[in-house]
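Below: one structure, written as structure tokens.
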Amino acid sequence: MPSPGLTPGATGPTGPVPLPSHEPDAAALARAAERSAGDLLAPPTPIRLSDVVPAPRQVEPASTDDWLLPPDAVIVASADPAALTVATHLADLLRPATGYPLPVTDSPRPTQDGGITLTLVGDDSLGAEGYRLAVTRAGVTITATTATGLFYGGQTLRQLLPPSIESPTPVSERWTLPGGTITDAPRFPYRGAMLDVARHFFTVEDVLRVVDHLARYKLNHLHLHLTDDQGWRIAVDSRPKLTTVGATTAVGGAPGGSYTKADYQRIVAYAADRHITVVPEIDLPGHTNAALVAYPELAPDKVAPPPYTGTEVGFSYVDPTDERTYDFIADVLGEVAALSPGRWLHIGGDEAFKVKGEVYTGFVERVQRIVAGLGKTVVGWHQLAPAGHVDGRVLQWWGTNGGDDPTTTEAVRRGARLIVSPGNHAYLDMKYAPDTPIGHDWAGLIDVRRAYDWDPATHVAGVPATAVLGVEAPLWTESVTSLAEIEFMLLPRLPAIAELGWSPRATHDWDDFRERLAGHGPRWTTAGVTFHRAPEIPWPSAPTVPTQRTPTREDVNPT
Ligand code: TNX
């Protein structure tokens, strides 16, 4: 019997069902069973224009303007290839559940009951990623200055339809959209999530599914942690042993794996179609045991270490005193940069405990110059802070002490900008609660409220909001071994971080957020997505028989 905390979703439009705080007795079970039976009969709660996650900048409902998507609706887009691609993507999202043909065209063909129109306009007030979505009795119009804005408008449209829009097969449903206008644009330009594919390897298909989750919540960067002690996951033609030797291992003896260049390009292209930039990370100088196994000349003692499948950190490093190390780095970063259309190249820099002081800063400064020479912008964990500045560089804050770090503040004064990923709020590998079957707790437990209740603009002391590029939620995978487990750790915390990155601070309101988030449970369930049924969220459906027991890994990966 799956526990209420961990079932991969549950269906049925119902009211909130509190979890029992102790093992229920027979009467409680009977009451719960009766309640769930009633829940199944309850009419669905209509979606309101303000139910969107992340919260839009401005919502003006007009209930007399609700619009029913007709079976013969047409999606009309501006005669622009990128706008037509967005329209096609939207049609692909809406066709399975509606069963409607939803043809896409660039020539207006008004139907009797209206349609969906995606229009590129010159409107500076919307910014590069903003959009306006208007639902009237004549249909839906999404306007934006870029295809990216149109794409986000499409994601909002999707959330305004009933949860059954997520069904992979046609369902009979009234596809009503709430009337009114949403005017929306993001608070921060960088909104991301990180997936560690080094500790455990995940297939291309798994990564594409993660990209889908990011897209739903208007995140625009996927940071891939591609290399670590336990495995090297990206093919490098000039150093073939990185994958033939360095990719064969993973934590705990799990099978390794790596992406060919074609695999990686497939991820990059799939993400780009969803207006997401892939940020590749090659972690240096530490976290490099897999590279040392493949190329012992990089090791300080020139001896290949044994492959590593444990979870300790900070023991490995490439030899900062050997020129061959810098040739290696130039070759690797050159090939990774060539595969990555985005401007960012993440060079790690964390937990290199054995490379200290000037040796560390000298190493980082050389690598930063290599990145700049490739025409890319440096991103690195905030341990890079003491190294000299290079144009545009971005530090990723992962501290857990509330943001007090004079070295980072000083690096910002010298020109660095920050991506904020506090370990104690944004680390999605932290457990939700003591009984979460996977994850760590070294940065504390992170329930949904803890993921939500902080402000990226003010988190790091002495850093002005203008230096904050945005926010990112990292998922380290020492204990995460499957797509279901990835989803379990991501959802529902990823939408909380996404809202911090997108929504104006004035909309920040836990009680409102948890209500809006609750409506996503049935969407994930319908889409077959695993999530953690966090007890602080009033999910609108009940497990058939509520039970309270310690969850296990099997609850996340039901067979
Ligand atoms: C710290 S945070 C790490 C990772 C681990 C993670 C586990 C950071 C930049 N490094 O190497 O996977 O903790 O939570």
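The values are calculated or read from the model by the stated rules, or taken from the named source; none is laboratory data. A quick note: this is a predicted structure, and the numbers were derived from the prediction, not measured. Cβ coordinates were reconstructed from backbone atoms using ideal geometry, including for glycine residues, and neighbour counts include every protein chain displayed. Calculation scope for accessible area: heavy atoms of the full protein, side chains included, ligands and nucleic acids excluded. Shrake-Rupley method; radii C 1.70, N 1.55, O 1.52, S 1.80 Å.
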Practice task
Consider only pairs whose beta carbons are under 8 Å apart and that are at least six residues apart or on different chains; among these, list those whose first residue lies in region 431-450 and is free of Cβ contacts under 8 Å to residues at least 40 places away in the same chain and whose second residue is within 11 Å of the ligand (Cβ to nearest atom) and open to solvent by 70 Å² or more (accessible area, probe 1.4 Å).
Solution key: K431/D441; P434/D441
Fill in the blank from the handout: Considering only helices (runs of 4 or more DSSP H) wholly within region 308-418, the ones with at least 1 residues that are within 16 Å of the ligand (Cβ to nearest atom) and touching a residue at least 24 places away in the same chain (Cβ under 8 Å) are 357-373, 406-413
Handout entry: Enumeration of residues in region 371-401 that are open to solvent by 10 Å² or more (accessible area, probe 1.4 Å) and touching a Phe, Trp or Tyr at 6+ places or on another chain (Cβ under 9 Å)
Key = K376, T377, H382, Q383, P386, W398, T400
Exercise for the section: Output the number of the condition that L292 fails; it satisfies all remaining conditions of (1) assigned to a helix (DSSP H, G or I); (2) away from the ligand (no atom under 16 Å from the Cβ); (3) surrounded by fewer than 24 Cβ atoms within 10 Å (Cβ to Cβ). Expected result: (3)
Practice task
Check region 489-500 and report whether any residue there is part of a loop (DSSP other than H, G, I, E, B), open to solvent by 10 Å² or more (accessible area, probe 1.4 Å) and at pLDDT 95 or above.
Solution key: no
Handout entry: Residues of region 423-478 classified as within 16 Å of the ligand (Cβ to nearest atom), on the phi > 0 side of the Ramachandran plot and either open to solvent by less than 10 Å² (accessible area, probe 1.4 Å) or under 18 Å from the mean Cα position of the chain (by Cα) (or both), total
Key = 1
Exercise for the section: Quickly run through region 117-148 and pick out the residues that are modelled with pLDDT of 95 or more and of a type in the set (D, E). Expected result: E129
Problem - Complete set of residues in region 266-288 that are open to solvent by 10 Å² or more (accessible area, probe 1.4 Å) and either among the charged types (D, E, K, R) or within 16 Å of the ligand (Cβ to nearest atom) (or both) - result: R266, D273, R274
Exercise for the section: Could you grab me the full set of residues in region 159-205 that are away from the ligand (no atom under 16 Å from the Cβ), open to solvent by 30 Å² or more (accessible area, probe 1.4 Å) and not in a strand (DSSP E or B)? Expected result: P163, P168, T169, P170, V171, S172, E173, R174, R187, P189, T203, E205
Problem - Which numbered condition A250 fails, given (1) within 14 Å of the ligand (Cβ to nearest atom); (2) of a type outside the set (F, W, Y); (3) in contact with a Pro (Cβ under 9 Å, 6 or more places away or on another chain); (4) more than 30 Å from P54 (Cβ to Cβ) - result: (3)
Practice task
Kindly indicate whether L68 is closer than 14 Å to T176 by Cα and either among the β-branched types (V, I, T) or modelled with pLDDT of 95 or more (or both).
Solution key: yes
